[in-house]
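The structure under discussion appears below in the form of structure tokens.
The values are calculated or read from the model by the stated rules, or taken from the named source; none is laboratory data. Remember, it's a predicted structure, so these values are computed and weren't measured experimentally. As a convention, Cβ positions derive from the backbone with ideal geometry for all residues, glycine included, and neighbour counts pool all protein chains shown.
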Amino acid sequence: MSAETESLQSRLEAARKRRAEIEAEARVTDEQAHLAAEVERAERAVIEAEALERAKREIGPLGKIGFVDTRIGRVILKRPHHVLYRKFQETKPEDFDMDELEKIVRSCLVYPDASAFERLIQELPHALVVCGELMAKLAGAGAKEVAGK
């Protein structure tokens, strides 16, 4: 084998060895990241379960409150105040904007706090729409019949 061939072979082996080291380091990093994410999800689930139980005790059962689970956290809402909801309903279509929806959803917000909710809707903008749908359902939208009818 020539000196040039030996040099190339040596470089190839060194490159393969370094690549294997990098891949092994990446696997460890990926495993740690996966484990950290799983721990974060489990801890968040405990906090969210506690928040839901606290809301049930302080506000009332599901139906008076409701929740939306997103991939980054739970949102708990209470039934909107009837005056605010009526005002919201009376918004003319040409005057409606997402700020109006956000305003009434925020008035129903039980969990998380306002700053965490802001981060959530910045990361997942459609979550505001889903929360609006829940808020409307809590207000009675979609009910088949009115109680006492």
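Would you check which residues across segment 94-139 are touching an Asp or Glu at 6+ places or on another chain (Cβ under 8 Å) and without any contact (Cβ under 8 Å) to a residue 24 or more places away in the chain and list them?
At the first step, the residues of segment 94-139 found to be touching an Asp or Glu at 6+ places or on another chain (Cβ under 8 Å) are 111, 121, 128.
Passing the criteria: only ILE121.
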Notebook entry, point to check: How many residues are modelled with pLDDT of 95 or more and in a loop (DSSP other than H, G, I, E, B) when one looks only at segment 80-115?
Noted result: 2
Notebook entry, point to check: Does segment 15-37 contain any residue that is within 30 Å of VAL110 (Cβ to Cβ), within 22 Å of the chain's Cα centre (by Cα), modelled with pLDDT of 90 or more and assigned to a helix (DSSP H, G or I)?
Noted result: yes
Item checked: Selection within segment 120-136 - out of contact with any strand residue (DSSP E or B) (no Cβ under 8 Å at 6 or more places or on another chain) and not in a loop (DSSP other than H, G, I, E, B) -> ILE121, GLN122, GLU123, HIS126, LEU128, VAL129, GLY132, GLU133, ALA136
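Which residues, taken from segment 75-97, are of a type in the set (A, V, I, L, M) and either more than 20 Å from the chain's Cα centre (by Cα) or farther than 19 Å from LEU138 by Cα (or both)?
Initially, segment 75-97 is screened for residues of a type in the set (A, V, I, L, M), giving 75-77, 83-84.
If the condition is that a residue be of a type in the set (A, V, I, L, M) and either more than 20 Å from the chain's Cα centre (by Cα) or farther than 19 Å from LEU138 by Cα (or both), then VAL83, LEU84 are the ones that fit.
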Next item on the list: May I ask you to list pairs of residues, at least six apart or on different chains, whose Cβ atoms are under 7 Å apart, with the first in segment 21-49 being more than 25 Å from VAL75 (Cα to Cα) and the second being surrounded by 10 or more Cβ atoms within 10 Å (Cβ to Cβ)?
Entry: none
Next item on the list: Can you confirm whether segment 102-116 contains a residue that is surrounded by 10 or more Cβ atoms within 10 Å (Cβ to Cβ), closer than 21 Å to LYS64 by Cβ and among the small types (Gly, Ala, Ser)?
Entry: yes
Notebook entry, point to check: Among the residues of segment 64-88 satisfying the criterion of being farther than 17 Å from VAL130 by Cα and among the aliphatic types (A, V, I, L, M), which is surrounded by the most Cβ atoms within 10 Å (Cβ to Cβ)?
Noted result: LEU84
Margin query: On the basis of being free of Cβ contacts under 8 Å to residues at least 12 places away in the same chain, of a type in the set (Ser, Thr, Tyr) and within 17 Å of VAL129 (Cα to Cα), does THR91 make the cut?
Written below: yes
Checklist line | Failed item, numbered, when GLU50 is tested on (1) surrounded by 13 or more Cβ atoms within 10 Å (Cβ to Cβ); (2) out of contact with any Pro (no Cβ under 7 Å at 6 or more places or on another chain); (3) assigned to a helix (DSSP H, G or I) | finding: (1)
